[in-house]
Amino acid sequence: MNYAIIAAGEGSRLAQEGVAKPKPLVELSGEPMIGRLISIFLRCNAESISIIVNEYMTEVREYLESLKLPVPLNLVVKTTPSSMHSFYELSRVMKPGKFCLTTVDTIFREPDFARYIAAFEADTENDGMMAVTPFIDDEKPLYVETDDQMNIVAFRDAAWDGAKYVSGGIYALNEKSFGVVKECIDNGVSRMRNFQRALVSSGLKLKAYSIDKIIDVDHAEDIATAQKFISE
């Protein structure tokens, strides 16, 4: 399995709230968030890891360059206008095949993630398996509509009567998604949620995989919440 991390955001909200470290280097259980992800990926059969950071995060770049990993690390240093653009830049250095992409501030329990990856590795029918959760933590959640077999039929900005899931910010896909994100870029589309909609409209077969709880670190108070969550 190949893995990718989007760590190109500015982390401006954390900085404004008094957090001195760049978001990817904020520690949970004594380990930087980005280091925690890398460690989990290595324990989940990583063949390669691709990461994008912005041009201003020199501390993060230096931290990543200091790592000695047993798999190739593809580091992209580029400032982008959105997570979707960051994924496009990553897609240009990633190997074909199945991969899992996440943002650096997406926090999950490792056993949940390991089961999710195992399910995607075993899947032979779908082009992607998107992590969804009934736990709403995001300030602007993306709701995921599925049929009775958990096939994804739509991504929606607003809830509806009977809505069950929101996007967990973890995307397991195959290389068909590279063509979709390039088409989005060429057509001036922005935002990761619009890319996800394009996956559906392009005819890719997407399955939803439910994880009870996934949280984001957007504010200073979220750091303690994340620490408690992964320690439970």
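The values are calculated or read from the model by the stated rules, or taken from the named source; none is laboratory data. Here the structure is a predicted model, which is why all the values come from computation and not from measurement. Counting neighbours? That spans all protein chains shown, and the Cβs are built from the backbone with ideal geometry, glycine included. The area values use the complete protein model at the heavy-atom level, side chains included, leaving out ligands, DNA and RNA. Shrake-Rupley method; radii C 1.70, N 1.55, O 1.52, S 1.80 Å.
Observations on the model:
- Of all residues in segment 70-108 being touching a helix residue (DSSP H, G or I) at 6+ places or on another chain (Cβ under 9 Å), open to solvent by 50 Å² or more (accessible area, probe 1.4 Å) and at pLDDT 95 or above, the one that is farthest from R191 (Cα to Cα): P70
- In the set V53, V19, only one residue is open to solvent by less than 10 Å² (accessible area, probe 1.4 Å), farther than 22 Å from D112 by Cα and β-branched (V, I, T); that residue is V53.
- L90 being aliphatic (A, V, I, L, M), part of a helix (DSSP H, G or I) and farther than 24 Å from D222 by Cα: yes
- Of the listed requirements (1) under 24 Å from D105 (Cβ atoms); (2) outside any helix (DSSP H, G or I), G188 misses just one: (1).
- Annotation note: of L67, L37, the sole residue that is modelled with pLDDT of 95 or more and either β-branched (V, I, T) or surrounded by fewer than 22 Cβ atoms within 10 Å (Cβ to Cβ) (or both) is L67.
- Contact annotation: residue pairs with Cβ atoms under 8 Å, 6 or more positions apart or on different chains, pairing a residue in segment 208-222 that is over 10 Å from E17 (Cβ atoms) with a partner that is among the hydrophobic types (A, V, I, L, M, F, W, C) and open to solvent by 50 Å² or more (accessible area, probe 1.4 Å), are D212/F135; K213/F135; I214/F135; I215/F135.
- Applying the set (1) open to solvent by 70 Å² or more (accessible area, probe 1.4 Å); (2) assigned to a loop (DSSP other than H, G, I, E, B); (3) within 21 Å of F41 (Cα to Cα) to R115 leaves exactly one unmet item: (2).
- Tally, over segment 127-183, of residues that are among the small types (G, A, S) and farther than 23 Å from R115 by Cβ: 6
- Answer residue from segment 173-207, given it is free of Cβ contacts under 8 Å to residues at least 24 places away in the same chain and under 19 Å from the mean Cα position of the chain (by Cα) and is farthest from R92 (Cα to Cα) among those: A198
- Of all the residues in segment 1-16, those that are more than 24 Å from Y88 (Cβ to Cβ), touching a helix residue (DSSP H, G or I) at 6+ places or on another chain (Cβ under 7 Å) and open to solvent by 10 Å² or more (accessible area, probe 1.4 Å) number 0.
- Within segment 142-175, the set of residues being part of a loop (DSSP other than H, G, I, E, B) and open to solvent by 50 Å² or more (accessible area, probe 1.4 Å) comprises D147, D148, Q149, D157, A158, A159, W160, D161, G162, K164, E175.
- With respect to (1) open to solvent by less than 10 Å² (accessible area, probe 1.4 Å); (2) out of contact with any Phe, Trp or Tyr (no Cβ under 6 Å at 6 or more places or on another chain); (3) among the aliphatic types (A, V, I, L, M); (4) farther than 20 Å from R13 by Cβ, the lone exception for V181 is condition (2).
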